[in-house]
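The values are calculated or read from the model by the stated rules, or taken from the named source; none is laboratory data. The shown structure was predicted, so the numbers you read here are calculated from the model rather than taken from an experiment. Here Cβ is always computed from backbone atoms with ideal geometry, including for glycine, and neighbour counts include all displayed protein chains.
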Amino acid sequence: MHKKKILFIDRDGTIIEECPRTHQIDSIEKVHFLPKVIFFLSKIYKELEFELVMVSNQDGLGTSKFPEQTFWPIHDHIINIMKSEGIQFFSVHIDQTFQHEKKSTRKPGIGMLTSYLTKKYDIEKSFVIGDRFTDILLAYNLGCKSIWIKKDGNRKNEEYFYNGKNLKNIISLITDQWNEIYEYLRFNCSGQSFLQRKTYETNVKINLSVYGYGKNDIKTDIGFFDHLLKQISIHSSMNMNIETIGDLYVDEHHTIEDTAITLGKVFCNSLGNKRGINRYGFFILPMDDCVSTVALDLSGRSDLIWNVEFFREKIGNVPTEMFYHFFKSFSLNAKCNLYIKALGNNEHHKIESIFKCFARSIKMAVKKITFNKISSSKGLL
């Protein structure tokens, strides 16, 4: 089962500016959204696999000090503005008590949020986003991480501690910029996976971030193969760390095959249920005297149509027969259909253009184009 990740988001000081004197947003004039929060929260909602849950303390709501009729119209106005920009909250939890009442429903208590502590949700990969230290404590009590919205960007060491507990590891990011929150979640929390595949012939470790920026560290001890794998990372924008220790004293076969198997598996794992992705990718790429065409479908099924001919036994230290085998192994384990065709005279250019074209097709296929939908009439990929 694909577990859901949650962003537990505070309201005042996080989505809208605090009202310093009264700490009550009880009129339209007091509603001021944080800079770019709507734009980047919309991108988070549409592109990343998080459910949004609002959690807010509203001191004494419903009492004479803060009548409900002055709160709900303003709150609904805020929610409707975000809805108009495509931002949907799965649920909204408002605690109406005072701090001195010490209710379990008041942040940092988790009394309102116990329904999320089930196997349906991946709490460890969820976040609390808020501007107060109580939001950090809420993350600690829930067992997730936190993003601290803090305008000065600084904090004293003593703020890490609460009742003797060091909360430093709870805080993943400190910022008052929503673009930085989006970038952090995109690069560190979406489309990430690690896999180690160990056999008597090879030991392969791959750390993959599908939505990265092309950072890579590739070590297979096959120079030209490393070069081609780097092309995948650079041209797909995926971050890839690959370490393969293989029985090269035998030959290159097991190292290349098992790297492809592991890369296919970790790529498939990174996409999760493939909700929201484009699914299809296709590209034509010229390189000097060569031109390559790649089309792929992340369909959940595997097939490879290979229309490429080589006239050398090896390129660098890679047998040319292994290129077909690499893509066949990837297709089987990534559960995708692949069509690959290349024309040209220079064999080095030919295979390099194939790998670059393959990478560009991946970049198109994994792009998030919608939210909460699967690009299939079956409802499953």
### Query
Here is a list of conditions, (1) at pLDDT 95 or above; (2) within 25 Å of the chain's Cα centre (by Cα), and residue 246 meets all of them except one; can you say which number that is?
(2)
### Message
Here is a check on your reading of the model: is residue 126 in the same structural domain as residue 179 (by TED's automatic domain parsing) and without any contact (Cβ under 8 Å) to a residue 24 or more places away in the chain?
### Response
no
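Yes/no matrix, rows are residues, columns are (1) outside the structural domain of residue 97 (by TED's automatic domain parsing); (2) farther than 23 Å from residue 143 by Cα; (3) out of contact with any Phe, Trp or Tyr (no Cβ under 8 Å at 6 or more places or on another chain):
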position	(1), (2), (3)
10	no, no, yes
14	no, no, yes
19	no, yes, yes
34	no, yes, no
49	no, no, yes
55	no, no, no
61	no, yes, no
66	no, yes, yes
## Note on the structure
Residues of region 1-40 being touching a residue at least 60 places away in the same chain (Cβ under 8 Å), loosely packed, with under 13 Cβ neighbours inside 10 Å and among the small types (Gly, Ala, Ser), in sequence order, are none
### Query
Are any residues in region 285-319 surrounded by 14 or more Cβ atoms within 10 Å (Cβ to Cβ) and under 27 Å from residue 369 (Cα atoms), and if so, which ones?
285, 292, 293, 294, 295, 296, 297, 298, 299, 300, 302, 304
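Quickly run through region 188-213 and pick out the residues that are assigned to a loop (DSSP other than H, G, I, E, B), of a type outside the set (Val, Ile, Thr) and surrounded by fewer than 17 Cβ atoms within 10 Å (Cβ to Cβ).
Once the filter is applied, which keeps residues that are assigned to a loop (DSSP other than H, G, I, E, B), of a type outside the set (Val, Ile, Thr) and surrounded by fewer than 17 Cβ atoms within 10 Å (Cβ to Cβ), region 188-213 yields 200, 201, 213.
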### Members of region 18-38 found to be at pLDDT 85 or above and in a loop (DSSP other than H, G, I, E, B), listed by number
18, 31, 32, 34, 35, 36
#### Entry: Selection count where residues are over 25 Å from residue 114 (Cβ atoms) and without any contact (Cβ under 8 Å) to a residue 40 or more places away in the chain, scope region 41-69
5
### Task
Please find, among 94, 78, 44, the residue that is crowded, with 16+ Cβ neighbours inside 10 Å and within 26 Å of the chain's Cα centre (by Cα).
44
### Task
Restricting attention to region 348-381, report how many residues are farther than 17 Å from residue 272 by Cβ and either among the aliphatic types (A, V, I, L, M) or modelled with pLDDT of 95 or more (or both).
16
### Message
Checking the conditions here, which among 162, 140 is modelled with pLDDT of 90 or more and of a type outside the set (A, V, I, L, M)?
### Response
140
